[in-house]
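Read the structure below first, then the notes.
The values are calculated or read from the model by the stated rules, or taken from the named source; none is laboratory data. For clarity, every value in this text was computed on a predicted model and none was experimentally measured. When we count neighbours, we look across all protein chains shown, and the Cβ atoms used for this are built from the backbone with ideal geometry, even at glycine. Each accessible area value is taken on the protein alone, full model and side chains, heavy atoms only, with ligands, DNA and RNA left out. Shrake-Rupley method; radii C 1.70, N 1.55, O 1.52, S 1.80 Å.
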Amino acid sequence: MIAAPELTAATAQAWLASGLPAMLVRVGATRGSVPREEGVTMLVSADAVAGTIGGGHLEWEAIARARAALAQGHTAPKEWRVSLGPTLGQCCGGALSLHFEPLSAQSLAAWAAPPPRFRLQLYGAGHVGRAIVQACTTLPCTVRWLDERDDEFPAATLPAHIQTVAAQPLEDEVADAQPGDFHLILTHSHALDLALTHAVLQRGDAGWLGLIGSATKRARFEHRLAERGHSPAALAQMVCPIGLAGISGKEPGVIAAAVVAQMLLHSHP
């Protein structure tokens, strides 16, 4: 079985373009405690699944129903109303409806993918940057990953929601961000970190601004940024050190886990 943690529009388009028969399974109206929220979609073919509606017996039964519909050549949308009680082998206690529809150009056009939890401008392709990108590969987010050095990016193909950009001077790329974007600065150079932080603060519209470093680095940057005209209120928006409090460790994977969790806390539900 081929499985993907989240279904993306690119995945669905690729399946459709290949001519692979598949069913879109979408969570409809919900009541009480349920595994996933309304609008979450899973794509099912005879031997592959992309996305998840929450796992467990509910998902197993939904996949079986979708495959049965494919085998029987059903083309009309169907609805299955489910109570998540002991008879289904789940104890959530809520209820929901699942909508089944063959994958087609029409159903794909009508399907609205959920918005990303956050849009991230990630500056720096070193060890920590790579670990953060790895953590974001299966998350519903978008990442614009920037570095001055093109050869620092991995050769492996990245998911469609992660874009690499090699550019000099890197601080000029801050202008291409959207209002509300998250900015995470962790380059190989303190001077470049300072220039990037200055550029982000000048914009004044970041959804979140993180800067890798210690409390000492923060104090030095605050002094230098104040000299460049940034107010105490603006400097207070800078998160440095980064990562959730209470998670210690300097391994790139640990830092990445703590920082990505921190960004998720600051994103929309």
So the angle from the long Cα axis of helix 190-203 to the longest Cα principal axis of the chain, reported in degrees to the nearest 10, equals 70
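Going by accessible area, probe 1.4 Å, with all protein chains left in place, what is the ranking of 197, 11, largest first? Please list the in-between numbers first.
Numbers: 197 0, 11 40 Å².
Sorted descending by solvent-accessible area, the residues read 11, 197.
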Interchain or long-range residues, amide H under 5 Å from residue 209's placed H = 183, 239
Would you please give the residues with an amide H less than 5 Å from that of residue 98, counting only those at least 5 places away or on a separate chain, with H modeled from the backbone geometry?
-> 28, 80, 81, 82
Using only the Cα atoms of segment 203-269, build the gyration tensor, take square roots of its eigenvalues as a ≥ b ≥ c, and label the shape rounded, prolate or oblate: rounded if a/c is under 1.5, else prolate if a/b is larger than b/c, else oblate.
-> oblate
With Cα atoms, 0 to 90° folded angle of helix 9-18 axis to the chain main axis | 50
When you take every Cα atom in segment 162-259, what is the radius of gyration, and what is Dmax, the widest Cα pair distance, in Å?
-> 13.4, 36
For residue 151 the rounded accessible area (nearest 10 Å², probe 1.4 Å, non-protein molecules ignored) is 130
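Please report, as a whole percent, how much of the solvent-accessible surface of segment 128-220 comes from carbon and sulfur atoms (probe radius 1.4 Å).
Working: 2040 of 4200 Å².
About 48 percent, which is the carbon plus sulfur part of the accessible surface.
So if a site counts as exposed when it's one of the GluC sites (Glu not before Pro), its DSSP state isn't H, G, I, E or B, and it has at most 16 other Cβ atoms within 10 Å, what's the longest stretch of the chain without one? Mind dumping the intermediate values first?
Values: sites that count: 37, 38.
For GluC sites (Glu not before Pro) (loop position, at most 16 other Cβ atoms within 10 Å), the longest site-free span of the chain is 39-269.
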Could you tell me the distance between the Cα centroids of segment 46-75 and segment 232-269, to the nearest Å?
-> 38
Ignoring ligands, DNA and RNA, how do 185, 63 rank by accessible area with a 1.4 Å probe, largest first?
-> 63, 185
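Share of Cα-Cα pairs in the chain beyond 31 Å, in percent?
On the way: 14302 of 36046 pairs.
Distances greater than 31 Å cover 40 percent of the Cα pairs.
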Relative to the first principal axis of the alpha-carbon coordinates of the chain, what is the inclination of helix 127-136, with its axis defined by its Cα atoms, in degrees from 0 to 90 and to the nearest 10?
-> 30
Over the chain, what is the percentage of antiparallel beta bridges among all DSSP beta bridges, to the nearest 5?
-> 45
Given a 1.4 Å probe and the protein chains all in place, what does the accessible area of residue 172 round to, in Å² to the nearest 10?
-> 100
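Given the DSSP H assignment, sum -39500 (n - 2.57) over each helix run of at least 4 residues in the chain and divide by its residue total; what's the result at 222 nm in deg cm²/dmol, nearest 500? Mind dumping the intermediate values first?
Values: 8 runs with 88 residues, N = 269.
Here the helix-only value at 222 nm equals -10000 deg cm²/dmol.
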